[in-house]
Amino acid sequence: MCKWFGRLQCVLHTFVFVLISVCCASAMTVHVFSEKTPVVQAEVVLWQVVADGTPKKLEAGKTDLQGRVTFSEHPSSPDRPLYLVSSAGKIDNKNVGALTLLAILPSSSIQEVVVNELTTIGSIWPNAQQFDAKQGLSGSVNGVKIGSAQVPNLVDVSTGRFGKTVLNGENLTFSETVARMNTLAALVSLCGSNEKKGRCNEFLSVSGASDTLEALLLVARTPYQNTNVYFDLFAKAYPYPEGEGRRATSFLPYLSYVPNDFSLMVRFSGGGVYSPGRMMFDTNANLWSGQNWMPGSQSGLNTSIGGGVARLAPDGSSLSPDLVGYNGQGIDGIGWGTTVSLDKVWVAGFNKKIGVFDLNGKPLGPAKVNGSIGMLQGVATAQNGDVWVCDYQKDQLIRFPDGDHTKGEIVKVDGLRGPFAVVIDSKNIVWVTNAASDTVTRFPADDVKQAKQITVGVSPRGIAVDSMGNVWVAANLSPGYPLPKIPKGTGIMEEFRISIENLLANESKIPVTGNVTMLSSSGEVVKPNLLNGELYCGWGVSIDGVDNVFASNFMGTGFMHVCGAAEGVCPKGKKAGELIHAYQSGILQEVTDTMIDDAGNVWVANNWDVIDALIRKDPDRRTATSGGGTGIAVVYGIAKPVKNPLIGVVRK
């Protein structure tokens, strides 16, 4: 009987233990801190995002004396993430009414969450264009998916500390991102744990915000504004103690110098990423890009092992195989030749092959063409499904009607000279940049005899159409720049070598060259020679959801945010084609492309790095594997969201 009772008691204890464990596992404990101090009686609300809709309020509660509050566990997914907003409360029995904090949670189950200054910053920046201080977080399915997936790269909401990506060897010592986050966190704490310094209102008044969340949103969207003011406030609020060389803040490391802006960015590698050219997003919010060269190779302009196709997930992690990327079609290096349709990925190779994949990376090609083709560059998808390819070496185009990769046809067009990039507008007009000239060729897709040449900058590269039908073109060189002699039919790598050597030879007397041209939908030059003296070797062009322009600043190692045709959304006083801000960083190298995602983040292709390693026939072995650019970077929250994939005209 005793043995039986003991066994029953054991079973009961086990049942109770399991019950408690299940209850605990289904609960989420939230800890609200300012710096390392608990925020008491803070109002905390748990929300769920509804893509293309209004966030749903799930639960609310107030923190206890340890700054804790407990909520039930709720299901979430990448496109329906949860987030927490903490408002006001008390610290040391003093009200901190302006302290509003945020944490966007990962889609996986999480039992412990910290809401503090760093989680607020790390959550806001990738979602700056989707978060409203009053309405909350809302965006398209892919916008929400990307924005929430990027948060863990900056911050770990389970600990309230930095995320692994921003701390890894690709990022930490190559950019100011961590120091910028800590400096901003210290400023936010002026309305929290450091409210006693009496500078909370001073921080909020810089942007005219009513609380810390609103203030940070404004910084994230326009990170180039008031940088001196914010840094001066930080320096005054956290002076060096007498005889000390470290400021009196626990947010370390912080900025020692005034930043050019408060943008936050991280860099991704892996999956065969090395010297990426063009980038495109698919319908699943994945990023695709063809690579010039294979990572780890001693490739350059004299000898090379070409790269394959890389695919990154919405969080930036690699989905394609390391080193080789996706291939299986004999592709050996890709430049500007990447496009994505609704169901396929197309790449045009240096070795005269056109690869086609499904959206999982399965090879469907190579594509078939009814004639002889040369080394290839740009690819684009038209709204009617046609796919167009630039044959750079043979001065011709290739068209695949309805996107059928088995029925490629050669299209001869008068005026093509080194066709580099192609775009097809909403009227099925084809626009092609001629990198071996100073023109753009324009013609109706069904009548090549109407082709006309439009003069733009010298050696134009990227081209894009805004929602109004205006066409924007970036060029390597400004008019009048000394041009090298490039024989007709020269291979792409040899042309690059001749061009870069000419650029370097003239750098002492002409340190900056390149421009952007704005064309009307009918092909008239609306604004020529934009950014002359500012843009150094223009390359890719992208348009955001309010028609602002982002131009790659290749030799300027970064990109430029330019006022577009809709001047009303630009900073006061800025006109179409004028520079809003130039973005640079240690993680941005020689940039070919900038691409806008569905959340309003700007992705940047680091195409080249150590130029000496590219052009020398016997390169320094220490840098022989560093000629190509390292990784793809993302700069958070500075553009208006678009709808991808990019098929013709930008879609808002």
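A few comments on the model shown:
One line per residue, one yes/no per condition, for (1) crowded, with 24+ Cβ neighbours inside 10 Å; (2) over 17 Å from ALA633 (Cβ atoms):
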position: PRO259; (1), (2): no, no
position: PHE262; (1), (2): yes, no
position: ASP282; (1), (2): no, yes
position: TRP293; (1), (2): yes, yes
position: ASP322; (1), (2): no, yes
position: GLY328; (1), (2): no, yes
position: PHE350; (1), (2): yes, yes
position: ASP358; (1), (2): no, yes
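- Any hit, region 295-316, residues being modelled with pLDDT of 95 or more, among the hydroxyl-bearing types (Ser, Thr, Tyr) and touching a His at 6+ places or on another chain (Cβ under 6 Å): no
- Subset of region 621-636 (residues that are in contact with a Lys or Arg (Cβ under 6 Å, 6 or more places away or on another chain) and either closer than 16 Å to HIS561 by Cα or in a strand (DSSP E or B) (or both)): ALA633
- Total residues in region 88-120, condition more than 24 Å from LEU65 (Cβ to Cβ) and touching a Lys or Arg at 6+ places or on another chain (Cβ under 9 Å): 1
- Screening the candidates GLY457, GLY462 for the property of being in contact with a Gly (Cβ under 6 Å, 6 or more places away or on another chain), in the same structural domain as ASP547 (by TED's automatic domain parsing) and surrounded by 21 or more Cβ atoms within 10 Å (Cβ to Cβ) yields one hit, GLY462.
- Residue check for LEU84: among the aliphatic types (A, V, I, L, M) and at pLDDT below 90: no
- Residues satisfying the stated conditions in region 427-464, i.e. in a strand (DSSP E or B), touching a residue at least 40 places away in the same chain (Cβ under 8 Å) and over 24 Å from THR339 (Cα atoms): LYS452, ILE454, THR455
- Residues of region 1-55 satisfying the condition of being basic (Lys, Arg), outside any helix (DSSP H, G or I) and at pLDDT below 90: none
- Residues in region 569-578 include none that are within 25 Å of ARG278 (Cβ to Cβ) and either at pLDDT below 95 or part of a strand (DSSP E or B) (or both).
- Residue that is surrounded by the fewest Cβ atoms within 10 Å (Cβ to Cβ) [pool: residues in region 167-204 that are basic (Lys, Arg), over 21 Å from VAL151 (Cβ atoms) and in contact with a Leu (Cβ under 8 Å, 6 or more places away or on another chain)]: LYS197
- For ASP612: the one exception among (1) touching a strand residue (DSSP E or B) at 6+ places or on another chain (Cβ under 7 Å); (2) in a helix (DSSP H, G or I): (1)
- Meets criteria (buried (at least 23 other Cβ atoms within 10 Å of the Cβ) and modelled with pLDDT of 95 or more) for ILE398: yes
- The number of residues in region 181-201 that are touching a helix residue (DSSP H, G or I) at 6+ places or on another chain (Cβ under 6 Å) and of a type in the set (Asp, Glu) comes to 0.
- Per-region count, region 140-162, residues out of contact with any Lys or Arg (no Cβ under 8 Å at 6 or more places or on another chain) and closer than 16 Å to PHE251 by Cβ: 5
- No other residue among ILE121, ILE104, ILE110, ILE146 is β-branched (Val, Ile, Thr), more than 24 Å from the chain's Cα centre (by Cα) and farther than 13 Å from PHE33 by Cα apart from ILE110.
- Exclusive hit being assigned by TED's automatic domain parsing to the domain that holds TRP336, within 23 Å of LEU530 (Cβ to Cβ), assigned to a loop (DSSP other than H, G, I, E, B) and more than 31 Å from the chain's Cα centre (by Cα), set PRO482, PRO487, PRO511: PRO482
- Subset of region 522-543 (residues that are touching a residue at least 60 places away in the same chain (Cβ under 8 Å) and under 28 Å from the mean Cα position of the chain (by Cα)): PRO528, ASN529, LEU535, CYS537, GLY538, TRP539, GLY540, VAL541, SER542, ILE543
- Criterion applied to GLU195, GLU176, GLU202 was being within 26 Å of the chain's Cα centre (by Cα), modelled with pLDDT of 95 or more and not hydroxyl-bearing (Ser, Thr, Tyr), and the one residue passing it is GLU176.
The values are calculated or read from the model by the stated rules, or taken from the named source; none is laboratory data. Given the structure is predicted, the values throughout are model-derived calculations rather than measurements. Every residue, glycine among them, receives a Cβ derived from its backbone with ideal geometry; neighbour counts consider all protein chains shown.
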